[in-house]
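Worksheet: the structure to be examined is printed underneath.
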Amino acid sequence: MLIKKNNELSENEVTDFSVYHNRRKFMKTAAGIGIAAVSGMPIIEASAKTVSPYSTDEKLTDYKDITTYCNFYEFGTGKEDPAKNAHTLVTSPWDVIVEGECEKPGKYNLEDLLKPVSVEERIYRFRCVEGWSMVIPWMGFPLADLIKRMQPTSKAKYVYFETLHDPKQMPGQRRAVLDWPYVEGLRMDEAMNPLTLMGTGIYGKDLLNQNGAPLRLVVPWKYGFKSIKSIAKIRFSETQPVNSWQKANENEYGFFSNVNPDVSHPRWSQRRERRIGEFRKIKTQLFNGYGEQVASLYAGMDLKKNF
Ligand SMILES: Nc1nc2c(c(=O)[nH]1)N[C@H]1C(S)=C(S)[C@@H](COP(=O)(O)O)O[C@H]1N2
Ligand SMILES: [Mo]
């Protein structure tokens, strides 16, 4: 079962950066030697190939910060609420309903859904619309792998996602903070982009409930709220879905929500961001720095209108 790949590190290894980085270096070198021994290639060149071209080498955010400074309104609106409250969520067994415009709709057990995928590590910048950011070593697989298996029809123009709706397990859903369940959507080309991940873990371990276990979306060039947690339903649709934050306030939150320092939130600037764990602010980059991979998706679009 490939989801186990997330469990390679023990708890105390995970909290220690140097061990984590050394292990990564060791893995790279070991893989490099293996390839070099077979092919006679220089070790450095061979080992470089084992690093995901999509990963940033910026300083990682602390595991503790990633798992205690969270947004997950199903477990409260405070940043520290999800880590305290999310233990009531039962993530195994877990089903994902796939429906709409595809050839393989159905109710899938998560283990079956994950069996054919290979989980890999991707270190991404993650920018929240509120102005903070993190650098997170995700475990996951490209959403495109899952979409292809579901064989979307030619009518499938968007992919819609829904979080589990169960106020017994998610006490925040007893209050009308948002229109539950939390929903999100991507245009098909955004969903198929190789950067878009289905996240299953962080720092080589399975996701904790507060980070969206057992399965969440990770879209690194968009504001954090697009990365919907604890996904229980996926629908292929012909029409553009309305996401939760858009429903809550369409003047402040749009469908695309691409990270863009030139488009202010009506109540604050998006020019700068604070990395969690650091004090200084840094400049926010267009598409969160992933323009090379995704700018072409929006060619000819007015990004001020399509915010
Ligand atoms: N179901 C659900 N998904 C959600 C949210 C939420 O409240 N509910 N919050 C979003 C927001 S605003 C952000 S910034 C990220 C936060 O992810 P993290 O807490 O794992 O860093 O999750 C997103 N996904
Ligand atoms: Mo957010």
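The values are calculated or read from the model by the stated rules, or taken from the named source; none is laboratory data. Just so it is clear, the model here is predicted, and its values are computed rather than measured. Note that we place each Cβ from the backbone using ideal geometry, even for glycine, and neighbour counts take in every protein chain shown. Side chains are part of the model used for accessible areas, which takes the heavy atoms of the whole protein and leaves out ligands, DNA and RNA. Shrake-Rupley method; radii C 1.70, N 1.55, O 1.52, S 1.80 Å.
Scan region 70-110 for residues that are touching a strand residue (DSSP E or B) at 6+ places or on another chain (Cβ under 8 Å), part of a loop (DSSP other than H, G, I, E, B) and not charged (D, E, K, R) and report the count. Residues that pass the stated criteria total 3.
Going by what's in this entry, would Ile147 be described as of a type in the set (A, V, I, L, M) and more than 16 Å from ligand 2 (Cβ to nearest atom)? Taking the combined requirement at face value, the residue satisfies it. Of all residue pairs spaced 6 or more apart or on separate chains, those with beta-carbon atoms under 8 Å, a first member in region 216-234 that is farther than 16 Å from Phe141 by Cα and a second member that is near ligand 1 (Cβ under 7 Å from one of its atoms) and part of a loop (DSSP other than H, G, I, E, B) are Tyr223/Cys128; Tyr223/Val129; Gly224/Asn71; Gly224/Cys128; Gly224/Val129; Phe225/Asn71; Phe225/Cys128; Phe225/Val129.
If you go through region 253-307 and keep only what is assigned to a helix (DSSP H, G or I) and β-branched (Val, Ile, Thr), you end up with just Val294.
For region 132-155, the set of residues classified as at negative phi, outside any helix (DSSP H, G or I) and open to solvent by 10 Å² or more (accessible area, probe 1.4 Å) consists of Trp132, Met139, Pro142, Pro152, Thr153, Ser154, Lys155, listed by residue number. For region 258-307, the set of residues classified as more than 19 Å from Pro194 (Cβ to Cβ), touching a helix residue (DSSP H, G or I) at 6+ places or on another chain (Cβ under 7 Å) and open to solvent by less than 30 Å² (accessible area, probe 1.4 Å) consists of Asn260, Pro261, Ile276, listed by residue number.
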